[in-house]
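Throughout, read-outs are computed from the coordinates displayed, never taken from laboratory work. Keep in mind that what you see is a predicted model, and the values were worked out from it rather than measured. As a convention, Cβ positions derive from the backbone with ideal geometry for all residues, glycine included, and neighbour counts pool all protein chains shown.
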Amino acid sequence: MKLQLYNSLNRRKEEFVPILKQQVGLYTCGPTVYNFAHIGNLRTYIFEDILKRVLLYNGYRVTHIMNITDVGHLTGDRDMGEDKMEKGSQREGKTAWEVAEFYTRAFKNDIKQLNIIEPDTWVKATDTIEDQIALIKTLQDKGYTYQTADGIYFDTSRFKDYTKLSHQDLESLQEGARVEKNPEKRNATDFALWKFSPADVRRQMEWDSPWGTGFPGWHIECSAMSMKYLGDQLDIHCGGTDHIDVHHTNEIAQSEAATGNNFFNYWMHGAFLIIAGGKKMAKSEDNFLTLENAFLKKDINPLVYRFAAFQTHYRKPMEYSDESVRAARNGLVHLHNQVRQVTQNGAGQNGSVDETFKARFIETINDDLNMPRAMAVVQEMLKSDIRDGDKFATILDYDRVLGLSLDQVDKPEALPEAVQKLVDARQAARIAKDWAKSDQLRDVIQDMGYSVQDTKDGMKVIKI
Ligand SMILES: [Zn+2]
């Protein structure tokens with residue numbers, strides 16, 4: 001079955017046809033690095049990772065670019081409010097540059113823990129200021145910009161398809177957006193391309209430009225970077241659904257105004273995470289859950305969250321609660337046990353991928369990344385009567401998309417140092433045939449939450 005993806009631009013599932021034959025250009029909007037990513041953000045990155053893995057599984061080569069927003073994102077998406085980086089700097093008593101560095105590292109660590117494949121290129125907004133200035137100059141030369149007291153703005157009334165992604169009614173949008181008052185803006189939907197530094201304040205992050213010292217608007221970075229690194233290969237652009245109305249709409253307007261060509265062909269968006277009780281997860285809310293406080297600190301494998309994300313289609317809001325985490329944890333443990341079983345039973349069999357089950361799996365993932373159905377196929381395959389060796393080969397093939405490290409389930413995990421020392425001491429006691437000491441050490445290790453089994457291949461220590 002050919003790959004079908006839901007395109008927000010046309011609001012329907014479409015067959016995916018890349019611009020070049022076997023090559024896909026993928027751009028995913030990255031984090032604004034003034035705080036930790038919350039698990040709602042991370043859900044979007046898991047969806048994008050599944051998309052990328054499905055493209056790879058279908059045999060495409062993928063060039064994946066992700067930006068790091070380290071300047072220019074104000075607390076209100078429509079150029080109002082405070083600068084997020086300067087705000088983070090005040091909060092933490094560090095420079096904006098240090099804040100950016102710290103949270104970029106934290107973000108990269110989060111996605112690593114979730115088995116998300118890194119982009120081919122990470123691009124920092126502050127590393128492409130010149131490209132952004134050049135793009136603004138092009139827009140100025142073509143007559144799309146005007147200057148106000150606080151910056152250079154894009155005149156949205158000059159771009160005729162402004163709402164082609166958001167499908168909003170432009171008139172009511174102009175009325176509605178008037179709540180955020182900037183009397184100098186010609187249209188409520190106009191947005192800043194370049195903001196001037198205030199005359200009386202020296203900003204930590206500011207640059208010279210043909211229009212005066214200042215910093216770029218948030219949207220311009222993604223247009224400049226995607227075109228710089230993907231060239232004409234503008235196939236798929238992703239982000240969260242909250243990017244549709246303003247950020248992605250403005251990216252399209254300024255990019256297409258500048259080049260006269262179509263910007264990306266496919267726009268895909270991941271839905272929100274809803275915390276039990278119906279609240280949407282956002283950094284401004286108090287229900288701010290990170291991978292660290294919701295999983296790692298509770299000693300829950302972060303891949304439980306990845307597994308949990310598979311239970312809901314990416315375009316539907318995902319419910320998050322202690323209950324759903326517990327269910328996902330049980331589900332993942334069960335899957336590990338099943339895979340461990342087929343590994344042991346199928347050992348020595350020369351297994352191969354079962355073509356019927358592979359076709360059924362492809363049918364689900366190629367149907368707009370339908371992971372809930374894909375997980376049902378995983379269970380049917382594991383419970384079927386095909387040979388265990390074939391089950392093992394098939395599940396490892398599926399895991400190229402699932403990314404759950406299922407090839408590792410039979411390998412004992414790295415033990416904490418304290419446990420490893422006791423294990424070594426017990427090994428020494430056994431070699432010395434000191435059985436009393438060996439038994440005593442086994443009890444101590446088990447009290448620390450590890451089961452100890454003496455098998456013919458040696459001691460096996462598994463976390464329980
Ligand atoms: Zn973006």
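Excluding residues on the same chain fewer than 8 positions from Lys228, give the lysines whose Cα lies under 18 Å from its Cα.
List returned: Lys124, Lys137.
Please report, for the Cα atoms of the chain, the Rg to one decimal and the Dmax as a whole number; what are they, in angstrom?
25.8, 87
Using a Förster distance of 51 Å, how high is the FRET efficiency between Asp434 and Lys279, based on the Cβ-Cβ distance and rounded to 0.05?
0.30
Sorting check: for 204-217, 318-331, 37-50, which peptide has the highest mean count of neighbouring beta carbons within 10 Å, and how do the rest follow?
Taking the mean over residues of other Cβ atoms within 10 Å, the ranking is 37-50, 204-217, 318-331.
Suppose only helical runs count, i.e. DSSP H with n ≥ 4. What mean residue ellipticity at 222 nm does that imply for the chain under -39500 (n - 2.57) per run, divided by all residues and rounded to the nearest 500 deg cm²/dmol?
-13000 deg cm²/dmol
Which order do peptides 428-435, 395-402, 151-158 fall in by mean Cβ count within 10 Å, highest first?
So the order, starting with the most tightly packed, is 151-158, 395-402, 428-435.
Less than 30 Å apart at the alpha-carbon level, and either on another chain or at least 8 residues along: which lysines does that give for Lys433?
Lys411, Lys421, Lys456, Lys460, Lys463
Give the peptides 78-85, 297-304 in descending order of average Cβ contacts within 10 Å, highest first.
Output ranking for 78-85, 297-304: 78-85, 297-304.
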